Amino acid sequence: MKNMIGVRLIALGLAGLPVLVFSEAASAQVATLETVLARAGNYVAIYQQALGSIIADEEYVQAVEGGRLQRMRSELLVFSPPDDERWLTFRDVIEVDGRPVEDRDRRLTDLFQEIPVIPAALELKLRAESARFNIGFISRDLNMPTMALQLLTDAERSRFVFEKTEEERLGDIDTWAIAFQAIESPALIRDAQGQDLLSHGTVWVEPLTGRVVQTDLRVADDAIGLTIEMRVRYEPDDVMDMLVPATMTERYSVDVKVNPSQLSARGPTVSAQLPSQRQFVARKQMTIRCEATYSNYRRFGVDTGFFFPPPRR
C-alpha cells in the first residue's frame, strides 16, 4: 500500500468512548491501597484509549526568573499508535507573544511526510517540534500534561513504592492522596549518562473509580543542583464526558556544579532523559516557571500516511 501524503484532522463524535463501569460488588469492597492502585492502573489504561485521539487549545506562559516572559497559543494533539502503551503528544504552536508562527500551516504536514514508517524517529521529531519555542537556557521536552500518568500503568507501577497520606476533596471529588517514590531502574527520568534520577511526588486518586484528579511529579538531584516540579490538575469536561487536563504548572531549576575541565564553549551541560529519550538540558544557573491552561477539547482523526508496527514485548 502506498503511503498517503499529508495530515487530515476530522472532528468526531463521542461514539465508542470507553468508560469505566464498576459492579455493585466492586463498589462494596473495602478500599485498600492495593485495590485503589489497581483501579488507577485500569483507569489509566482505558483513559489512554479515550484520550488518545483528542485536540485541545493551550495557553502557555513561560517565565525565566528575573528575565524574559513569553506567551504561547497552541493546539495540543494527543494520540496513541494502535496496540501501543505510549501517548504521542504534539504541541502545534500558533502564536508566540501575539505574533503568528509563519510556517505553522506547513509544519504538521511536513513533519508526517518526512517520516512515513519509523515511529521512533517520528516521536523524536514530535518532541523537538513541541519544544521548539521553549525559552531559557534549560532545554526540555518533557512538558506534556499526561506524562506522570505512566507511573500508574501496569508496566511501571512495580518500580515505585506507594503510601496513602491523606484523604482530600478536590473540587467535587473525594480523593486519596497517594505518595510515590521510584525505587527501581529504569527510572522515568535519567541523566545523559544513563544514571537514574528517581522521581517522587503525589497522585490524587478517586478510590472507587481509580480516576486520577491531580498529579505532582518531582525530581531532585543535589549533585547537579537540579529540581523539576510538575503539577497537573484534571477537571470534568462536559463535551468529552471525562476528566481532562485543565492546568499544568512547572518549575525547573538548576545550579550546575562542574569542574573547569567539564565546561564546553557554551557552558556546563547536564541532561536527563525519559526512556523514550525525552531530554532535560541546562547550561547555567536558572529557574523557569511555567503555567499552561487547556480548553475546547474535541476529538479528531489523523490520516498521517504512516503505519505503527506492533510494540516490542
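Laboratory data are not the source of any read-out in this text; all were calculated from the coordinates shown. This structure is a prediction, so every number in the text was calculated from the model and none was measured. As a convention, Cβ positions derive from the backbone with ideal geometry for all residues, glycine included, and neighbour counts pool all protein chains shown.
Report the extension gain between Gln195 and Asp103 in nm, rounded to one decimal, defined as 0.36 nm multiplied by the number of residues separating them, less their alpha carbon distance.
Here the answer is 29.3 nm.
Under a plain spin-label model, where a point goes 7 Å from the Cα along Cα-to-Cβ, how far apart in nm are Asp238 and Glu34?
The two pseudo-label positions are separated by 4.3 nm.
How many nm is it between the label spots at Arg251 and Asp154, if each spot is 7 Å from the Cα in line with the beta carbon?
Taking the two extended label points, one gets 3.7 nm.
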